[in-house]
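Report on one structure; see the data block that follows.
The values are calculated or read from the model by the stated rules, or taken from the named source; none is laboratory data. Given the structure is predicted, the values throughout are model-derived calculations rather than measurements. Neighbour counts are summed over all protein chains in view; Cβ atoms, including those assigned to glycine, are modelled from backbone coordinates with ideal geometry.
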């Protein structure tokens, strides 16, 4: 792990204070991807992230080198019975019926990947969570998918968050083991 990376926890209002900077990094990371879905536009990201950051329990982490944002992660709790929006296969009942922490984004700028920043963002975001499970979705075949598997995440189905979005793998991580 890099010693010159600073990890900053952020509440919803604190995250919204840097939303323009986070959005620029989000779009930069997705530039050139074959996925042209509406969920990867500036307006869509800002709209959904603003709504999510306003929800109780929202948690974010920023990774900075000097003053430069090089990565971020955020998520929010989901109560028992709640699952992903869109077309999503339901998980096993013990997961659906439990409180969960949904990892919505975990992003690291290309030049900073492979240095432990993503893992530190992940671990900082999930550290001390009271929910027994964390959940996320990721694109099959994406290098992040293999990374999550190495970190102990297991598949529980697929989800498509919007009609023009790709079908994603749904993954779950037991937090209270």
*Which residue pairs have Cβ atoms under 6 Å apart, sit 6 or more places apart or on different chains, and have a first residue in the stretch 21-45 that is on the phi < 0 side of the Ramachandran plot and in a loop (DSSP other than H, G, I, E, B) and a second that is at pLDDT 75 or above and surrounded by 13 or more Cβ atoms within 10 Å (Cβ to Cβ)?*
35/166; 37/165
*Listed residues 91, 77; which is touching a strand residue (DSSP E or B) at 6+ places or on another chain (Cβ under 6 Å) and either farther than 21 Å from residue 125 by Cβ or assigned to a loop (DSSP other than H, G, I, E, B) (or both)?*
91
*Scanning the stretch 41-67 for residues that are more than 14 Å from the chain's Cα centre (by Cα), at pLDDT below 95 and surrounded by 13 or more Cβ atoms within 10 Å (Cβ to Cβ), which turns out farthest from residue 86 (Cα to Cα)?*
41
*Within the stretch 133-161, work out how many residues are exposed (fewer than 14 other Cβ atoms within 10 Å of the Cβ) and at pLDDT below 95.*
4
*From 106, 125, 121, residue being assigned to a strand (DSSP E or B), crowded, with 19+ Cβ neighbours inside 10 Å and under 11 Å from the mean Cα position of the chain (by Cα)*: 106
*Given the conditions (1) in contact with a strand residue (DSSP E or B) (Cβ under 8 Å, 6 or more places away or on another chain); (2) under 20 Å from residue 9 (Cβ atoms), which single one is not true for residue 98?*
(2)
*Out of the stretch 77-103, which residues are surrounded by fewer than 16 Cβ atoms within 10 Å (Cβ to Cβ) and farther than 21 Å from residue 58 by Cβ?*
87, 89, 90, 92, 93, 94, 97
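For the structure I just gave you, tell me whether residue 70 is within 22 Å of residue 141 (Cα to Cα), touching a residue at least 12 places away in the same chain (Cβ under 8 Å), buried (at least 20 other Cβ atoms within 10 Å of the Cβ) and touching a strand residue (DSSP E or B) at 6+ places or on another chain (Cβ under 6 Å).
Answer is no for this residue.
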*Sort out which residues of the stretch 145-177 are more than 19 Å from residue 48 (Cβ to Cβ) and outside any strand (DSSP E or B), and write them in order of number.*
145, 146, 147, 148, 149, 150, 151, 152, 153, 175, 176, 177
